[in-house]
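Below you'll find the structure, written out as structure tokens, and then a few comments.
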Amino acid sequence: MLEERGRGAVLVGVARVDAALEHLLQAVMAPGGARGDGLFLPERPLGSLGAKVALAHRLGLIDDQVESALSVLRKLRNAFAHSAESASLNDDSHRTRLAAVYTDARTNRLWGPLAAVLAAQPPSPHAPLDDALRDYILLITILVAFLEATAQQLRPLKPPVVMGFAGIHKNGPVQ
């Protein structure tokens, strides 16, 4: 993402968050079968970032602050993707939209160390790393890292009971 600026940084960053959120949801779901069920394909029920955010929140996999941050990123991505004009993270509307998200994200213990690592990077030949892009990269990095780390700690849900045509039966012990 260090090589991306403006529209590219936003689109690539949100795509990385979307993929990590999909991994999180897949971690708690039973496998979709050998051919898969296409649940996460674009025109399917979980094909949109908004649907993934809503389900992850309803399942208790993400808290209110992360749900809000992901919703802001979805709106930001849409604004950048559908704007015919040049879009910038420095635009007042985008800075205002992201301000509360950055305040929440700065409470993460990795924000400071990651900011130091980012500051130590050699300058990009494309353009200097401004504060707005730096904060955006830090936000995306933290979200992706923690979504992926959470997914690694989860196993598919196994409800205590299952409905079938013969009725409701108890599931076996969790393995």
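The loop-placed chymotrypsin sites (Phe, Trp or Tyr not before Pro) in region 113-175, going by DSSP, that have at most 15 neighbouring Cβ atoms within 10 Å of their Cβ come out as 165. The simple Förster model, with R0 at 35 Å and r as the Cβ-Cβ distance, assigns residue 110 and residue 161 a FRET efficiency of 0.30.
Bridgeable lysines around residue 75 (alpha carbons under 26 Å apart, same-chain partners fewer than 8 residues away excluded): 52. Net charge of the neighbourhood of residue 17, taken over other residues with C-beta under 11 Å away and scored Lys/Arg +1, Asp/Glu -1, is +1. In the chain, helical runs assigned H by DSSP with n ≥ 4 each contribute -39500 (n - 2.57); averaged across all residues and rounded to the nearest 500, the mean residue ellipticity at 222 nm is -18000 deg cm²/dmol. Fully extending the segment from residue 68 to residue 148, taken as 0.36 nm per residue of separation minus the present Cα-Cα distance, adds 27.0 nm. Quick one: Debye curve from the C-alpha atoms of the chain, no solvent, what's log10 I(q)/I(0) at q = 0.20 Å⁻¹? Normalising to I(0) and taking log10 leaves -1.42.
Split the chain at each of the GluC sites (Glu not before Pro) in a DSSP loop with at most 11 other beta carbon atoms within 10 Å, and the longest piece is 86-175.
Bridging of residue 158 to lysines at a Cα separation below 17 Å is possible for 170, once same-chain residues fewer than 8 apart are set aside. Counting other Cβ atoms within 10 Å as a rough exposure proxy, the listed residues 118, 21 run 118, 21 from fewest neighbours to most.
A short reminder: the numbers here are calculations on the coordinates, not readings from a lab. As the structure is a prediction and not an experimental result, all values here were calculated from the model. Please note: Cβ atoms are built from the backbone with ideal geometry, for glycine as well, and neighbour counts cover all protein chains shown.
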